[in-house]
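A short worksheet on the structure shown next.
The values are calculated or read from the model by the stated rules, or taken from the named source; none is laboratory data. What you see is a predicted model, and the numbers here were worked out from it, not measured in a lab. Here Cβ is always computed from backbone atoms with ideal geometry, including for glycine, and neighbour counts include all displayed protein chains.
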Amino acid sequence: MKHILPCGDHYQLIDSQTISYVQACQNYTKIYLLDETMIFCSLSMVKLLNCLGSQFQQIHKSYLINLHTVVRCYKAGAVLLNNGVKVPISRRRQKELLSKWEETIRMLESIENNTTHQNKKPFVNSQI
């Protein structure tokens, strides 16, 4: 989904699928994209989370992550994203993250399975 976000003296169109993670910076946020570009946004993290939707999860008082980019969750309190970045996770949010991450994986697998089944052509025996 695409969003028009306030970024200082301009507005910028950002596709939420391209966001890797978000870092709070007082009443502003730094949005890190998959291509490692950083965008400074004039929204607070709470407002941005409400805007972005369910594929994003707050894992720390200063971080939101895109659940679609999580590769590994360390018991020691960090998450590894698919771009190689480690983001800290608070102990109290770790259980919630694991649950939501598992839910996201199941949803993505379901979408993938439905797409695969739709693309398969039915077998037709032409010798009948």
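Among the residues examined, residue 83 qualifies as within 20 Å of residue 15 (Cβ to Cβ), out of contact with any Cys (no Cβ under 7 Å at 6 or more places or on another chain) and surrounded by fewer than 19 Cβ atoms within 10 Å (Cβ to Cβ). Applying the set (1) more than 22 Å from residue 108 (Cβ to Cβ); (2) crowded, with 19+ Cβ neighbours inside 10 Å; (3) at pLDDT 95 or above to residue 45 leaves exactly one unmet item: (3).
Determine if the range 22-37 includes at least one residue that is in contact with a Cys (Cβ under 6 Å, 6 or more places away or on another chain) and within 17 Å of residue 66 (Cα to Cα). Within the range 22-37, one or more residues are in contact with a Cys (Cβ under 6 Å, 6 or more places away or on another chain) and within 17 Å of residue 66 (Cα to Cα).
Name every residue in the range 1-58 that is charged (D, E, K, R) and within 20 Å of residue 78 (Cβ to Cβ), in order of residue number. Before you say what the answer is, go through the steps one by one.
Within the range 1-58, the first condition is being charged (D, E, K, R), and the residues that meet it are 2, 9, 15, 30, 35-36, 47.
Hits for the range 1-58 are 30, 36.
Provide a single number: the residues in the range 4-32 that are part of a strand (DSSP E or B) and surrounded by fewer than 16 Cβ atoms within 10 Å (Cβ to Cβ).
Restricting attention to the range 4-32, the residues satisfying the condition of being part of a strand (DSSP E or B) are 4-7, 10-15, 19-25, 28-32.
Then keep just the ones that are surrounded by fewer than 16 Cβ atoms within 10 Å (Cβ to Cβ); that gives 4, 6, 10-13, 15, 25, 30.
The qualifying residues number 9.
For the range 39-60, the condition of being out of contact with any strand residue (DSSP E or B) (no Cβ under 8 Å at 6 or more places or on another chain) and touching a residue at least 24 places away in the same chain (Cβ under 8 Å) holds for at least one residue.
Of all the criteria given as (1) closer than 18 Å to residue 100 by Cα; (2) over 9 Å from the mean Cα position of the chain (by Cα), the one not satisfied by residue 25 is (1). Where strands (runs of 3 or more DSSP E) sit wholly within the range 50-104, those with at least 3 residues that are closer than 18 Å to residue 24 by Cα and at pLDDT 90 or above occupy 56-60, 63-66, 78-81, 86-88. Scanning the range 16-30 for residues that are modelled with pLDDT of 95 or more and not hydroxyl-bearing (Ser, Thr, Tyr) yields 19, 22, 23, 24, 30.
A count restricted to the range 62-80 and to residues that are exposed (fewer than 13 other Cβ atoms within 10 Å of the Cβ) and touching a strand residue (DSSP E or B) at 6+ places or on another chain (Cβ under 8 Å) stands at 3. Taking every residue in the range 88-110 that is farther than 14 Å from residue 63 by Cα and pairing it with any residue that is part of a loop (DSSP other than H, G, I, E, B), at least 6 positions away or on another chain, the pairs with Cβ-Cβ distances below 8 Å are 104/55.
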